[in-house]
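Report on one structure; see the data block that follows.
The values are calculated or read from the model by the stated rules, or taken from the named source; none is laboratory data. What you see is a predicted model; the values in this text were computed from it and never measured. Don't worry about glycine lacking a Cβ; one is built from the backbone with ideal geometry, like all the others, and counts go over all protein chains shown.
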Amino acid sequence: MEGPQIGSLDQARTGRFIQQLRKELGLTQRQLGEKLMISDKTVSKWECGSGLPEISLLMPLCRELGVNVNELLSGQRLSAADYQRKAEENIMSLMKEREENVKKIRLSVFTGVSTTATLIILVLLVGFYAGVMSLPVKLLVIGFACLQFGAGLYVTMSMDKEAGYFKCKACGETFKPTWRAYLWAPHTITRRWLRCPKCGRVTACRHVMSRGEPDGQER
Ligand SMILES: [Zn+2]
């Protein structure tokens with residue numbers, strides 16, 4: 001079963017590559033042979049570099065090994081595979097980004113709720129013990145209550161603003177608004193009226209957790 005002898009093909013390299021891919025898949029020569037309805041000797045021959053697969057076997061072999069013909073004959077994964085790997089990396093980092101942004105949002109909600117609760121509790125406390133507390137103590141407690149509320153509000157808003165992006169309803173552009181735009185924009189829980197830096201229109205921009213996210217995503 002002599003394979004095609006095409007000019008610059010490096011049989012030994014292709015052979016090593018076949019062996020490497022087969023081992024990555026945890027297959028024996030026999031198991032790979034069975035999938036292709038050929039003998040383990042043929043697989044062994046390829047791997048030793050003494051013969052390339054027949055043309056009719058190239059496609060099925062590549063399918064089994066998860067590479068394309070070009071890569072098999074080159075004896076290495078090529079840019080197509082690199083692109084795919086890159087794409088997978090991108091998806092992973094997108095997922096990670098999303099996860100981190102969701103955490104930010106949760107933390108921002110938690111901060112907002114807890115600092116508001118603290119403010120209310122301290123104000124009630126001062127009201128309740130009004131008769132017992134001296135004026136400086138009252139002022140101190142109220143001052144502290146306002147200060148922690150202000151700080152909490154700032155943390156809440158900056159985390160909300162920095163988590164993910166706002167997505168233009170008109171053109172789909174994702175962007176981070178400036179503080180000024182963020183603060184002045186009317187908003188609901190998930191949308192904020194902002195001017196898109198790309199198309200310049202003011203739309204009810206959805207707060208998305210990552211750039212690749214389709215519209216209508218919950219958060
Ligand atoms: Zn736009």
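Based on what the data block shows, is LEU125 among the hydrophobic types (A, V, I, L, M, F, W, C) and either assigned to a helix (DSSP H, G or I) or touching a Pro at 6+ places or on another chain (Cβ under 6 Å) (or both)? Criteria met by LEU125. Among the residues here, ALA87 does not qualify as at pLDDT 90 or above and not assigned by TED's automatic domain parsing to the domain that holds SER210.
Across region 185-202, the qualifying residues are those that are free of Cβ contacts under 8 Å to residues at least 24 places away in the same chain and within 20 Å of ILE105 (Cα to Cα), and the one among them that is farthest from the ligand (Cβ to nearest atom) is ILE189.
Candidates TYR182, TYR154: the one that is more than 16 Å from THR111 (Cα to Cα) and in a helix (DSSP H, G or I) is TYR182.
Does at least one position in region 154-166 carry a residue that is within 16 Å of the ligand (Cβ to nearest atom) and of a type outside the set (Asp, Glu)? Checked region 154-166: at least one residue is within 16 Å of the ligand (Cβ to nearest atom) and of a type outside the set (Asp, Glu).
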